[in-house]
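The values are calculated or read from the model by the stated rules, or taken from the named source; none is laboratory data. Quick caveat: nothing in here was measured; it's all calculated off a predicted structure. Note: ideal-geometry Cβ built from the backbone for every residue, glycine included; neighbour counts use all protein chains shown.
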Amino acid sequence: MAGRGTGAPVELLRQLPARSASLFAWCCDVCAAVVARAADNSMNVTAVATVMAPGLVRAPPNEQDPVALL
(Lines give C-alpha, C1' and ligand atoms only; values in the text may rest on other atoms or scores of the structure.)
Protein backbone atom coordinates (compact mmCIF):
# COMPACT_ATOMS: atom_id res chain seq x y z
CA MET A 1 0.00 0.00 0.00
CA ALA A 2 1.34 3.46 -0.88
CA GLY A 3 2.14 5.72 2.01
CA ARG A 4 3.71 3.02 4.16
CA GLY A 5 7.36 2.85 5.11
CA THR A 6 10.12 5.16 6.19
CA GLY A 7 10.25 7.42 3.13
CA ALA A 8 6.50 8.07 2.87
CA PRO A 9 6.37 11.29 4.94
CA VAL A 10 9.25 12.79 2.98
CA GLU A 11 7.59 11.93 -0.32
CA LEU A 12 4.31 13.49 0.84
CA LEU A 13 6.10 16.68 1.88
CA ARG A 14 7.78 16.89 -1.51
CA GLN A 15 4.34 16.94 -3.12
CA LEU A 16 3.27 20.03 -1.16
CA PRO A 17 3.73 23.52 -2.54
CA ALA A 18 6.79 25.21 -0.99
CA ARG A 19 4.73 27.55 1.20
CA SER A 20 2.61 24.69 2.56
CA ALA A 21 5.66 22.53 3.25
CA SER A 22 7.34 25.41 5.06
CA LEU A 23 4.24 26.06 7.18
CA PHE A 24 3.94 22.37 8.02
CA ALA A 25 7.62 22.22 9.03
CA TRP A 26 7.11 25.27 11.27
CA CYS A 27 4.07 23.59 12.90
CA CYS A 28 6.17 20.49 13.54
CA ASP A 29 8.91 22.63 15.11
CA VAL A 30 6.39 24.33 17.39
CA CYS A 31 4.87 20.97 18.37
CA ALA A 32 8.32 19.60 19.16
CA ALA A 33 9.09 22.63 21.33
CA VAL A 34 5.82 22.17 23.24
CA VAL A 35 6.44 18.44 23.77
CA ALA A 36 10.01 19.17 24.93
CA ARG A 37 8.46 21.08 27.85
CA ALA A 38 5.88 18.37 28.65
CA ALA A 39 7.05 18.19 32.27
CA ASP A 40 6.09 21.86 32.66
CA ASN A 41 2.97 22.07 30.49
CA SER A 42 1.47 18.52 30.56
CA MET A 43 1.39 18.53 26.74
CA ASN A 44 2.89 15.18 25.74
CA VAL A 45 2.92 13.85 22.17
CA THR A 46 -0.62 12.46 22.47
CA ALA A 47 -2.02 15.73 23.82
CA VAL A 48 -0.34 17.82 21.11
CA ALA A 49 -1.54 15.44 18.39
CA THR A 50 -5.09 15.61 19.76
CA VAL A 51 -5.03 19.39 19.61
CA MET A 52 -3.26 19.80 16.26
CA ALA A 53 -4.55 16.92 14.12
CA PRO A 54 -8.07 18.26 13.50
CA GLY A 55 -6.61 21.45 12.04
CA LEU A 56 -4.21 19.58 9.77
CA VAL A 57 -6.67 17.11 8.26
CA ARG A 58 -9.39 18.06 5.81
CA ALA A 59 -12.56 16.08 6.36
CA PRO A 60 -14.24 14.39 3.42
CA PRO A 61 -17.14 16.54 2.16
CA ASN A 62 -19.76 14.06 3.41
CA GLU A 63 -18.29 13.72 6.93
CA GLN A 64 -20.31 15.59 9.55
CA ASP A 65 -18.72 14.17 12.71
CA PRO A 66 -15.20 15.56 13.38
CA VAL A 67 -14.62 12.88 16.03
CA ALA A 68 -14.91 10.23 13.30
CA LEU A 69 -11.61 11.51 11.86
CA LEU A 70 -9.77 10.62 15.05
Single match in Met52, Met43 (criterion: more than 14 Å from the chain's Cα centre (by Cα), at pLDDT 90 or above and surrounded by 11 or more Cβ atoms within 10 Å (Cβ to Cβ)): Met43
Among the residues of the stretch 24-70, how many are among the hydroxyl-bearing types (Ser, Thr, Tyr) and part of a helix (DSSP H, G or I)? 2
